Structures are given as C-alpha cells and as structure tokens.
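The values are calculated or read from the model by the stated rules, or taken from the named source; none is laboratory data. Predicted model, so just to flag it, every value in this text is computed and none were measured. Heads up, the Cβs are rebuilt from the backbone with ideal geometry, glycines too, and the neighbour counts pull from every protein chain shown. Keep in mind that these areas ignore ligands, DNA and RNA; they rest on the heavy atoms of the full protein, side chains included. Shrake-Rupley method; radii C 1.70, N 1.55, O 1.52, S 1.80 Å.
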Amino acid sequence: MNFKTLIARTLPAALVALASTTGLASAKEFRLGLITPPPHIWTVAAQAFGEDLKAETDGKHSVAVFPSRQLGNEAQMMQLLQTGALDMAFLTIAEVSNRVPDFGAFYAPYMADDVAHAGRILRSDEAKAMLADLPQKAGVVGIGYSMAGLRQIVSRDPVTSAADLAGKKLRITPFEPIKDFYNAVGAASTPMPLPAVYDALANGQVDAIDMDAELIWKLKYYEHADTVLISNHMMFPMVGLVSARVWKDLSPEERETITRLMARHLDGAIDTYISKEADWLLAVEGTGTNIVEADASFFQDAIAQWEAIWSEKAPALATLRKVADETRQ
Ligand code: BEZ
C-alpha cells in the first residue's frame, strides 16, 4: 500500500473499539491517535515511544498507535482526550491553538529563521512553560513539542511576488493563525485535511497549497506545480498529549516514565526535520520544478496585518519573539 493510499484510509471500527472501553487508569495498553500515515516521521516516533515504554516496563505497559485519522480528525481526537476515551495523541499545535489561542503565537510569520532555529524555539523553557496551561484550558497534559519543519507553498501557476497569490484558492490546514496570514496575503484560504490535498491540487480544486518540505517531496505534490515557493514562512509544531483524566490515575513513576520516553521521541523527530529538510527541498528542485525563494520582505504587508491581530489574541507572542531573538545565530 502506498503512502497516498494510507493517508486516505480511515477505520471506523477503531472508534467502536474505543467506545466500549473504560478504566484507563489501569490500562496496560495506552491508545495513541494521530492524523499522519504509518510511514510519516510522527507516526514512526509514536511507534518507537510505544516500543520503549513496553521494554522499560517489562511489558506491563504498551501503546497501540492509531495513525491516519483512524480515530477521527484532530478536533475529534481532542474531544476523546478530554473525556478520557483516548489516552494519548500527537496533535498539531494548530488544533491546540483553536482551543487555546495563545498557542497561535508559534505561527508568527518568520519568527524562526530556519528549521534549526524553530527547533531551538520549541526547546526553550518559555515554550515548555506554555504547556502548563493545557490541563486547565483543554483537559490535556502536554508532554513536549515536536514539529514538521517549516511551511512552503506549492502553486499550479507561476509565483514571483505575493500579489500572484491574491485571489488564488490556497489550501490551508484548518486553523485560525494560518487563515489570518493568507487572508492578509489576499488569497482565498481553503481549509482542507491532508488526505484531500493531492487530488484537490491535481484537479485544480485549489490553485496552491500550504505544505511542509517532507510531504511536498514524499507525496509528490510538485507533480502538479509550476512553482514551489520556498518561503519558510512559519514553523509547524506538534505536541504530544496525554488525557488529563488518564493522567490523574497514573502513579508518579508511570508519569515520569511516560514523560521521559515520549519527550525523547518527540524531540528526536525535531532532529530528523532539522537534518532532512534541506535534502527534501533539493530533491524537489532536482525534478526540474521551478523553485522560487522568498523571505519576510516578500510578505511584508501581510506580516504586519498578522501581527496586529495576533499580538492581541496571543500574549505569548511577545515572549516567543524574545526567545526567537535570543536563540538567533
Ligand atoms: C498538514 O495539514 O499540512 C499537515 C498535518 C500534519 C503533518 C504534516 C502536515
């Protein structure tokens, strides 16, 4: 089964299995959901976390990983976490920011100079401190961050300036900070989950997509593009979560073990993106696709509009900008 087929699959039966289980505190097999398909770096990290947990607890605890939205989209998985019907999830910060707007600060355009800088921001004490709000505001415990590198734009038509994106139907992951960015650019933001993106770009349902380097390369989005705009305009963080209801019934030792092992694999995925992102983009360039490079000046007006909206909505923006300045190399 290829990568594209895998992300298009859903397994409603898995939801039925969830509905019939209770007593998560004593569960030996934790269930972890995520939207990415089995070969994706996030899913591989989730599997590796489960293997480590099993080894370290001598088989007492294990993790069943449900990839490819088998348990629903991220909003649905967040609800399952809140009720305790799902134990764990690796979710984009996008979904978290829909519920706790302060997390929208991570999407400040051009806050990170490059993917390694994004890693340093996510590893900062200030970023970690933001996780403390999650139990109270979202009913989940945030274990640590990961990411999917920086965002780029794949366009069916040539793009040489931000004006070329005005009026274009542009696929976004469904969340507010990115919608505000593209609205400021003048594009028609078109929220769309990952499995729908390839066909939508191929058949012209959208003119362009907002995407990361890994998937532009591995899912071959460039096949339907005139231009790949290497804009690096935003980071795309992920967070490892445990249901607060499940967490409260875990012993201190179980909490320590889960935190340490999950954080290790989340962090390891950050290193993977740092080491591979340039190679994925070079591989796309090697296909003969037109590559255009853009920096903050390309989106200058849109950035100012975005900042005006999000400095109000996300007080953490000032803190993260300071962190970004202090970790700039
Ligand atoms: C996306 O919606 O573009 C996306 C979601 C999860 C991982 C990578 C990309």
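What are the residues in the stretch 204-263 that are closer than 20 Å to D295 by Cα, among the β-branched types (V, I, T) and either buried (at least 23 other Cβ atoms within 10 Å of the Cβ) or within 13 Å of the ligand (Cβ to nearest atom) (or both), if any?
Answer for the stretch 204-263, where residues must be closer than 20 Å to D295 by Cα, among the β-branched types (V, I, T) and either buried (at least 23 other Cβ atoms within 10 Å of the Cβ) or within 13 Å of the ligand (Cβ to nearest atom) (or both): I209, I216, V228.
Residues in the stretch 151-197 that are open to solvent by less than 40 Å² (accessible area, probe 1.4 Å), in a helix (DSSP H, G or I) and within 12 Å of the ligand (Cβ to nearest atom): how many?
3
Based on what the data block shows, is E95 in contact with a helix residue (DSSP H, G or I) (Cβ under 8 Å, 6 or more places away or on another chain), within 16 Å of the ligand (Cβ to nearest atom) and charged (D, E, K, R)?
Judged against the criteria, E95 is a match.
Would you point out which residue out of L80, L86, L32 is modelled with pLDDT of 95 or more, within 27 Å of E256 (Cα to Cα) and within 16 Å of the ligand (Cβ to nearest atom)?
Result: L32 is the single residue among L80, L86, L32 that is modelled with pLDDT of 95 or more, within 27 Å of E256 (Cα to Cα) and within 16 Å of the ligand (Cβ to nearest atom).
What residue, of D212, D249, is over 20 Å from the mean Cα position of the chain (by Cα) and of a type outside the set (V, I, T)?
Exactly one of D212, D249 is over 20 Å from the mean Cα position of the chain (by Cα) and of a type outside the set (V, I, T), namely D249.
Quick test of your reading of the structure: S62 fulfils all but one of (1) open to solvent by 10 Å² or more (accessible area, probe 1.4 Å); (2) in contact with an Asp or Glu (Cβ under 9 Å, 6 or more places away or on another chain); (3) more than 13 Å from the ligand (Cβ to nearest atom); (4) in contact (Cβ under 8 Å) with a residue 60 or more places away in the chain. Name the failing condition by number.
It fails just one condition, (4).
Taking the stretch 130-143, which residues are open to solvent by 10 Å² or more (accessible area, probe 1.4 Å) and either aromatic (F, W, Y) or more than 15 Å from R321 (Cβ to Cβ) (or both)?
Hits for the stretch 130-143 are L131, A132, D133, P135, Q136, K137, G139, V141, G142, I143.
Looking only at the stretch 157-203, count how many residues are under 21 Å from the mean Cα position of the chain (by Cα) and within 20 Å of A294 (Cα to Cα).
Residues meeting the conditions: 11.
Filter the stretch 101-129 for residues that are under 15 Å from the mean Cα position of the chain (by Cα) and either among the aromatic types (F, W, Y) or surrounded by fewer than 21 Cβ atoms within 10 Å (Cβ to Cβ) (or both) and give the result.
Within the stretch 101-129, F103, F106, Y107 qualify.
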